[in-house]
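Q: To start, I am sharing the structure in question, which I have written as structure tokens.
Nothing in this text is a laboratory measurement; each read-out follows from the coordinates by a stated rule. No experiment lies behind these values; they were computed from the predicted model shown. So basically every Cβ, Gly included, is an ideal-geometry build from the backbone, and we count neighbours across all protein chains shown.
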Amino acid sequence: MEDQIVRMICRVIVPFIQIYGMFIIIFGHLSPGGGFAGGAIAGASMVLFALSFNLQAGSKKISEESASLLESGGALVFVLAGVVALVLGANYLTNLEAGFPAGTPGRLFSAGVIPVITLGLGLKVTSSIVTLFYHLIGGEEEEH
Amino acid sequence: MMETIESLLHNYYYFIAVVLFVIGFHTMLTHSNLIKKVIAMNIMDTSVFLLFVTIGYVQGGRPPIMDAVTPPAGVDYINPLPSALILTGIIVAISVTAYALSLIVKIYKFYGTIDADEIAEIRGREE
Amino acid sequence: MPAIEHYPIIMVAGLLLLAFIMPLLYIWKRNWCEPVAIFAISVALVMSLCIIYEVVQGDAFEEGYWMGGWEHFGIEFKADYLSSYMLAVIHGVGLLILIYGIGDLKKELVEKVRGWYYTLYLLLMGAMSGMALTNDLFNLFVFMEIVAISACAIISIKEDRECLEASFKYLILSAMGTGCYLLSVAMIYMITGYMNLDMVGETMALGVGEYPLNILVAMSLMVVSFGVKSALFPLHVWLPDAHASAPSPSSAVLSGLVIKIYAVALVHILFRAFPMEILKEVPMTDIILWMSTLGIIFGSIFAMVQENFKKMLAYSSIAQIGYVFMGIGLFDPERPEETEALVGGLLHILNHAVMKSMLFMIAGIIIYSAGLKKIRDFDGIGNRLKWPMYIFIIGSASMVGIPITGGFMSKLHLAQGAIAVDMPFFVMVIIASSLLNAIYYMPIFINAFLSESKHENVTFKPVPGSMMIPVVILGGLVLLFGIYPAPVIGVLESAVESLIQ
């Protein structure tokens with residue numbers, strides 16, 4: 001199914017959705033949102049892209065393999081951010097007491113390790129949604 | 001009797017959550033269509049999420065977001081903990097749903113049907 | 001070296017992390033997957049032995065471990081006697097199953113998915129350790145779901161029609177259990193306002209008079225949910241298909257460990273969160289007792305009529321999990337000092353984990369070597385598969401409960417506990433079930449050794465050592481725990497004592 005209008009609109013709208021998703025991820029520690037919500041939005045943009053074009057075009061942007069690499073990377077960031085606090089001599093995932101610089105409340109670069117964790121989560125959720133979509137669609141494609 | 005009805009009306013949100021839970025539970029166990037089972041699973045999870053979120057609500061409360069402006073005295077924040085937990089719960093429900101759907105795709109490939117009774121029939125014929 | 005109080009979190013986080021790295025390894029260094037997985041679980045085993053030593057000897061774990069340093073607000077990990085015991089069981093048996101699995105999976109799984117198997121396995125191990133350690137109701141829910149998904153996935157990873165259907169059934173019923181659990185947690189949170197088990201316990205004791213109905217509903221939902229997940233008798237319908245159709249290492253880990261961890265979680269919650277007064281008023285332990293009794297009897301009866309060997313073992317698991325719950329059921333809230341039955345039930349977790357995973361491995365070896373699945377085909381295979389069948393004798397002796405095997409010790413404690421609380425009827429149940437077990441286990445090895453062989457012209461594939469050694473070690477462990485169970489019982493007595501307080 002090829003529809004010029006849908007493709008054109010999608011081409012315009014996808015970057016905005018992605019930027020919105022990234023905004024939600026990065027500002028996760030300041031405003032409502034965070035890794036889960038932002039990751040879902042950013043992942044949805046890729047799903048939208050693959051739906052309006054086709055699976056091949058979608059997987060050219062993010063291949064299945066690189067999506068699962070990103071997924072592992074996101075989990076890695078999360079766990080390592082927790083372990084850094086252990087190395088600094090505090091409990092797992094400790095933020096301020098482990099001596100991370102906290103900055104001032106309300107500023108983007110503050111809150112110690114929390115933005116890093118949110119970023120890792122966002123990465124993981126984005127790539128998970130993309131992989132899930134590819135796998136569900138892929139099972140369908142083999143059929144026909 | 002009147003007391004029971006009154007307390008039900010007073011706590012109608014708990015009542016609705018439980019009704020949804022029972023609908024989900026019943027559909028999940030009695031319907032043979034696998035997709036319907038998955039939908040029912042989601043209804044059941046959602047009902048519990050609703051119950052959780054209503055527990056955390058405070059009458060006239062504000063969303064628990066730290067603002068530059070300090071709120072006037074006497075304004076309560078709602079309890080953020082249930083909402084935060086339910087966010088995790090939703091993620092878990094999504095992953096279970098995704099896994100169940102992918103299983104259904106595979107089952108359809110092998111059996112050619114997504115009806116539990118027909119699958120049981122096919123398996124019975126094989127043995 | 002990090003301090004010992006960090007070990008629990010390092011174990012859980014490390015296993016989950018390695019589970020996610022496993023796909024990467026599979027892309028780059030394909031043949032590193034197995035050694036890394038074995039290394040990870042061996043380290044976890046060493047850590048859990050350190051933890052159990054520290055719990056018994058030292059005092060590093062008397063305080064809980066709060067994530068992120070959020071004392072009294074955050075998630076707490078607490079290594080008490082019961083959870084450290086469970087950790088050692090999980091990682092000890094899990095390591096042996098993994099070593100066995102390397103040989104077996106080469107035959108049972110296609111090349112493409114084998115790397116993912118180790119991902120799922122490590123995920124399962126990490127989440128089970130988390131379930132044993134966590135002291136937070138919602139964290140328990142998250143770990144429970146990880147266990148449920150990865151347990152279903154290690155069944156459905158072998159893509160044939162039986163596995164897929166069994167896995168879906170398991171998924172739906174375990175989702176039902178999860179729903180009940182979450183509703184119960186919502187009720188508890190409504191009454192107490194806490195998620196931490198200790199604080200819930202303290203607050204609930206104050207709220208008994210005010211909200212008896214809520215507590216009652218929460219408790220029954222809790223028992224139903226864990227009953228479904230650990231296949232307590234009328235709720236067991238998913239188990240036989242799931243455990244019988246899965247690849248043999250998956251069957252071993254599911255039957256040996258996964259159903260037990262839910263029983264442990266139930267013990268934790270039932271005795272620590274719910275006040276003793278409510279247990280005295282409501283016959284909850286009696287209900288569990290009768291369900292487990294029916295499970296013991298009917299599980300054995302169903303097992304008798306099975307033709308498929310693995311299915312017989314699966315039904316036998318239903319009977320055996322009944323013993324664990326019988327230990328809980330024989331606990332009398334009126335007489336909390338009589339704890340022998342509870343010790344016996346918890347001891348059976350170890351014994352059954354060891355012997356049932358061993359039996360599933362032997363079933364796997366028979367399928368691997370000769371391709372035989374039906375019990376009636378086993379006549380005369382004792383001469384060809386000597387060692388597996390010798391070990392099978394030990395395993396079935398332990399199932400029946402013959403002295404000097406592990407199964408005898410746990411049944412002995414259960415029987416003594418039943419007499420101590422004046423319920424001699426359940427001693428009869430234990431003896432009857434031993435007889436039933438004997439009826440369906442004994443003929444298998446008698447026929448295997450003494451019957452006319454039907455397999456003169458069947459070629460038996462040689463069994464690799466990596467599959468044989470874990471079975472031999474587990475056989476040795478069955479005998480060890482039958483002859484010298486004192487250290488384990490010591491740990492469990494302290495565990496029960498700290499639970500009852």
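Q: Which links in A:Lys124/C:Lys78; C:Lys112/C:Lys311; B:Lys106/C:Lys356; A:Lys61/B:Lys106; C:Lys169/C:Lys229 stretch past 23 Å when you go from one Cα to the other?
A: Result: A:Lys124/C:Lys78; C:Lys112/C:Lys311; B:Lys106/C:Lys356; A:Lys61/B:Lys106 exceed 23 Å.
Q: Sort C:183-195, C:122-134 for me by packing, meaning the mean count of neighbouring Cβ atoms within 10 Å per residue, highest on top. Numbers along the way, then the final one.
A: Details: C:183-195: 22.1, C:122-134: 27.2.
Ranking, from highest mean packing down: C:122-134, C:183-195.
Q: Which whole number gives the average, over all residues in C:182-193, of C-beta atoms from other chains lying within 10 Å of the residue C-beta?
A: For peptide C:182-193, the averaged partner shielding equals 5.
Q: Cα centroids of the stretch C:77-123 and the stretch C:226-303: how far apart, whole angstrom?
A: Spelled out, the Cα-based centre of one part sits 21 Å from the other.
Q: Using a Debye calculation, one point per C-alpha and no hydration shell, please list log10 I(q)/I(0) for the stretch C:32-77 at q = 0.23 Å⁻¹ in order.
A: -0.82
Q: Using a Förster distance of 51 Å, how high is the FRET efficiency between B:Glu121 and C:Ile446, based on the Cβ-Cβ distance and rounded to 0.05?
A: Working: r = 38 Å, r/R0 = 0.74.
According to the calculation, E is roughly 0.85.
Q: Something else about it: Of the candidates B:Asn42, B:Asn11, B:Asn79, which one comes out as most mobile in a Gaussian network treatment of chain B with C-alpha springs shorter than 10 Å?
A: B:Asn11
Q: Suppose the Debye formula is applied to equal point scatterers at every Cα of the stretch C:347-431; what is log10 I(q)/I(0) at q = 0.21 Å⁻¹?
A: Once normalised to I(0) and log-transformed, intensities are -0.94.
Q: Could you give the spread of the C-alpha atoms of the stretch C:13-140 along their three principal axes, from largest to smallest, in whole angstroms?
A: 47, 28, 21
Q: So, one more: Just to confirm the filter: which GluC sites (Glu not before Pro) across the stretch C:319-397 are DSSP coil and have at most 14 other Cβ within 10 angstrom of their Cβ?
A: The qualifying sites are C:Glu334, C:Glu337.
Q: For the stretch C:283-501, report the convex hull volume of the alpha-carbon atoms normalised per residue, in Å³, without decimals.
A: Given the Cα convex hull of the stretch C:283-501, per-residue volume reads 105 Å³.
Q: Averaging over every viewing direction, what projected area does the convex hull of the Cα atoms of chain C cover, in nm²?
A: 21.8
Q: If one takes the longest principal axis of the Cα atoms in chain B, at what angle in degrees, from 0 to 90 and to the nearest 10, does the Cα axis of helix B:12-30 lie?
A: 10
Q: Okay, next question. Could you work out the mean count of beta carbons from other protein chains within 10 Å of each residue's beta carbon in C:7-14? Can you show the working numbers first?
A: Values: counts 0, 1, 6, 4, 0, 1, 8, 2.
Across the residues of C:7-14, the mean count of other-chain Cβ atoms within 10 Å is 3.
Q: Could you pull out which residues in the stretch C:72-93 have an amide N less than 20 Å from a spot 7 Å beyond the Cα of C:Cys50, following the Cα-Cβ vector?
A: C:77-93
Q: I'd like to compare C:319-329, C:421-431: which one has the highest average count of other Cβ atoms within 10 Å, and what's the full order after that?
A: C:319-329, C:421-431
Q: With axes computed from alpha carbons, what is the tilt in degrees of helix C:309-329 against the longest principal axis of chain C, rounded to the nearest 10 within 0 to 90?
A: Computed tilt is about 20 degrees.
Q: Sticking with this structure for a sec: Give the distance, in whole Å, between the Cα centre of the stretch C:60-74 and the Cα centre of the stretch A:1-39.
A: Going from one Cα centre to the other spans 38 Å.
Q: Would you list C:Phe73, C:Phe449 from fewest to most Cβ contacts within 10 Å?
A: C:Phe73, C:Phe449
Q: R0 = 45 Å: FRET efficiency of B:Lys36 with B:Met2, Cβ-based, nearest 0.05?
A: In this case the efficiency is close to 0.70.
Q: If you don't mind, there's one more thing I want to ask. How would you rank C:Arg114, B:Arg125, A:Arg11, going from fewest to most other Cβ atoms within 10 Å of each one's own Cβ?
A: Final ranking by Cβ density, sparse to dense: B:Arg125, A:Arg11, C:Arg114.
Q: Taking beta carbons within 10 Å but only from partner chains, what does the mean come to for residues C:159-169? All intermediate terms of the calculation are to be shown ahead of the outcome.
A: On the way: counts 3, 1, 9, 3, 2, 10, 11, 0, 5, 11, 3.
Per residue, the number of nearby Cβ atoms from other chains is 5 on average.
Q: May I pose another question? Taking just the alpha-carbon atoms of the protein assembly as shown, what radius of gyration and Dmax come out, in angstrom?
A: Final numbers for Rg and Dmax: 26.4, 90 Å.
Q: Same structure, new question: Relative to the longest principal axis of the C-alpha atoms of chain C, give the angle of the C-alpha long axis of helix C:386-400, reported between 0 and 90° and rounded to the nearest 10°.
A: Computed tilt is about 40 degrees.
Q: Rounded to the nearest whole Å³, what is the per residue volume of the convex hull around the Cα atoms of chain B?
A: Working: hull volume 16.3 nm³, N = 127.
Per residue, the Cα convex hull of chain B comes to 129 Å³.
Q: OK, next. Using the C-alpha atoms of the stretch A:4-143, what convex hull volume per residue, in cubic angstrom, is computed?
A: Cα convex hull per residue, to the nearest whole number: 107 Å³.
Q: So, one more: Order by neighbour count: C:Cys50, A:Cys10, C:Cys180, fewest other Cβ atoms within 10 Å first, most last.
A: Neighbour counts put them in this order, fewest first: C:Cys50, A:Cys10, C:Cys180.
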